[in-house]
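Down below is the structure, laid out as structure tokens.
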């Protein structure tokens, strides 16, 4: 793997932590220059003794709403609602990439103050009050940043002290990778998988069982679809590589759902209010790695897991807005967007919503390149990973050594919220395994104090009421399911069991009609929990770098099984034979199992089928009758 | 999910005082999520947007939608304006059918 050529020392945190990277420094200098220019321009009407309206408008350039101070009296109070509105506009900017929102509020307030001023003289003390307010805000941020930097430095010191030992523990405790030829879903895992199958096997245009709140942030349909796709791809590649049937239908349905305009037309709005682009809303062009990176990894993962490469066909992923407007894409052009954006990414990473660069979404982006390399033999990871990693370490690492959650591309300003290392770790295991181990070594040591124990065993006692990002409600489902996935990826049985036990304790598990779900968790948290419950050591990385074993893709395959009557727990081929395990979903009985990929005209034995021997058709197909009662094995071998 | 978690964390910080005020000191009560409660054959339960969510949607519309519609009306062809208006309703205002 190209990643191995990178020099990365997992026992040390980046030396660049807490420092301002070159791209960030340049953009921040530009931001401060623009603001100082605004202050200078705003001061001109006062210096030149211009009309009161110009003086009020000028003062409004210093700080949102400061122009109202110039009006004096009760008018000055208007600065308070203006600042509140400005804060709200920042939320809109952050929430939906509405770049125009804060600009509109700031300049609009200045213009309104100017128009209200009339000919009455301005309050001469207002520039001093405005300057005082600016200084107070600046000093307050400075003090806060210093405090955070000191706390971060202390965290970094502790981390560097425990990292060598924790890394050794990660290696020592790692469970062995499972034998791919022996894997079989347990009844519990099938019940969990059915949560996804119920939702993905409904008609493509139906979104029943999906959270529908907004299409901008974490509850958006697109993220639910992608995470459901990841879980299905892991199930397909590792347990059911020789089964097409409902697994293929479910995954293709998800991809088709994603192309529904209701899922992606948020980009029309974000292009307009973020890029000021009112004509071309191609979702796989500039920015939008939250679509191209996530969806690219999803489609690539599906193709690797199933062997179905139909999404390489031109136009197979067409985003249709109306009868007359559509953007034809396929897997190559989707990844082409990620590739071309990385070519010009000043920060080494690029934006989701216009202006906002999220390192986590760039992890999905690098994962999408990984799948492209695995499918098509390209070396996109090798091409972009060095700059990507350099950007991560120089532009997005805080004083504690944690990744800065997001940074404004237009202003260079960070939002200093530390995203948990566990959230990054399992992605990096697919393309940067040394750093992945470091991230997990940090996460597991810092999570350890949350381990609680009673007669039932260990579990993670999460503090507070939590927040489930998938439905914006209190709850620990999102966090616990992410920890479960990370722990499983690194074979950390203790942490994985503790995370699963916590899910069972606090997220209200329920089983109805053989389908398991966590009632106190969002749809995406449930999907992530399914992923974690299916995984064993290295499954995530292996699924997106290798996919299904070649023998399974080349050998006999079960083409169909009636869902939910027949539940397939295992489907494996050594290239000539087929081994499968079924469970009844509705009741015992005889079921027909069509098989393809056989050698035409060859005689086979079928242990577990009602016909012990059969001859494959000239097309290499056969239909077997199997009485399914409890755990039922079917073994097909050349006679 | 990690980006989602902190995205929501940020917004929750901004909205925290309002949430606490609306809750009047009571502990949050668990409500079933219609998406997770859904089972095949059962009709999907339509969600009633909360007051907070309606406020946020209104805010987004006020700040972004108006500017975009005005800009689009001036710049884009009528067909594009219709698509845009439809997109706003689909993404912000309305539930998926």
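What follows draws every value from the coordinates through simple rules; no lab data is involved. These figures come from a predicted structure and were not determined experimentally. When we count neighbours, we look across all protein chains shown, and the Cβ atoms used for this are built from the backbone with ideal geometry, even at glycine.
Sorting the segments A:133-141, A:243-251 by their mean number of nearby beta carbons within 10 angstrom, highest to lowest, gives A:243-251, A:133-141. Across region A:568-639, the relative contact order, built from alpha-carbon pairs under 8 Å that are at least six residues apart, equals 40 percent. The mean number of Cβ atoms from other chains found within 10 Å of a Cβ in peptide A:470-477 is 5, as a whole number. Normalised by 2.2 N^0.38 Å, where N is the number of residues, the alpha-carbon radius of gyration of the protein assembly as shown equals 1.03. Bin all alpha-carbon pair distances of region A:22-145 at 10 Å intervals from 0 and give each bin's fraction as a whole percent. Pairs per bin, as whole percents: 14, 41, 34, 10, 1.
Fewest neighbouring Cβ atoms within 10 Å first, the residues A:508, A:50 line up as A:50, A:508. For peptide A:514-521, the mean count of partner chain Cβ atoms within 10 Å of a residue's Cβ comes to 3.
The modelled label-to-label distance between residue A:107 and residue A:313, using points 7 Å beyond Cα along the C-beta direction, is 4.8 nm. Modelled spin-label separation between residue A:619 and residue A:277, with each label point placed 7 Å from Cα along the Cα-to-Cβ direction: 4.4 nm.
Among A:269, A:480, A:467, the order by Cβ neighbours within 10 angstrom, fewest to most, reads A:467, A:269, A:480. Mean partner shielding of peptide A:205-216, defined as the number of other chain Cβ atoms within 10 Å of each residue Cβ, is 6.
According to the Kirkwood expression over distinct Cα-Cα pairs, how big is the hydrodynamic radius of region A:73-223, in Å? Provide the component values of the computation, followed by the final result.
Details: mean 1/r = 0.0436 Å⁻¹.
Taking every pair of different Cα atoms in region A:73-223, averaging 1/r and inverting gives 22.9 Å.
The angle between the Cα long axis of helix A:22-47 and the longest principal axis of the Cα atoms of chain A comes to about 30 degrees, rounded to the nearest 10. In chain A, the calculated helix contribution to ellipticity at 222 nm averages -16500 deg cm²/dmol per residue, counting -39,500 (n - 2.57) for every DSSP H run with n ≥ 4. Highest mean packing comes first when the peptides A:93-100, A:201-208 are listed by Cβ atoms within 10 Å, giving A:93-100, A:201-208.
For the peptides A:184-192, A:622-630, A:471-479, the ranking by mean Cβ contacts within 10 Å, running from highest to lowest, is A:471-479, A:184-192, A:622-630.
I'd like the distance between the alpha-carbon centres of region A:493-537 and region A:19-47, rounded to an integer number of Å. Value for the Cα centre distance between the two parts: 49 Å. Helix A:433-447 and the longest principal axis of the Cα set of chain A meet at an angle near 80°.
Kindly give the semi-axes, whole Å and largest first, of the ellipsoid equivalent to region A:201-312, taking each as the square root of 5 times a Cα gyration tensor eigenvalue. With the √(5λ) rule applied to region A:201-312, the semi-axes are 27, 15, 11 Å. Three principal axis extents of region A:254-324 based on alpha-carbon atoms, in descending order, are 40, 26, 19 Å.
Placing dummy labels 7 Å off each Cα toward the beta-carbon, the span from residue A:77 to residue A:320 is 5.7 nm.
Note: relative contact order over chain A, using C-alpha pairs below 8 Å and six or more positions apart, is 16 percent.
Helix A:380-395 axis versus longest C-alpha principal axis of chain A: approximately 40°, rounded to the nearest ten.
Per-residue Cβ neighbour counts within 10 Å put A:227, A:275 in the sequence A:275, A:227, beginning with the fewest.
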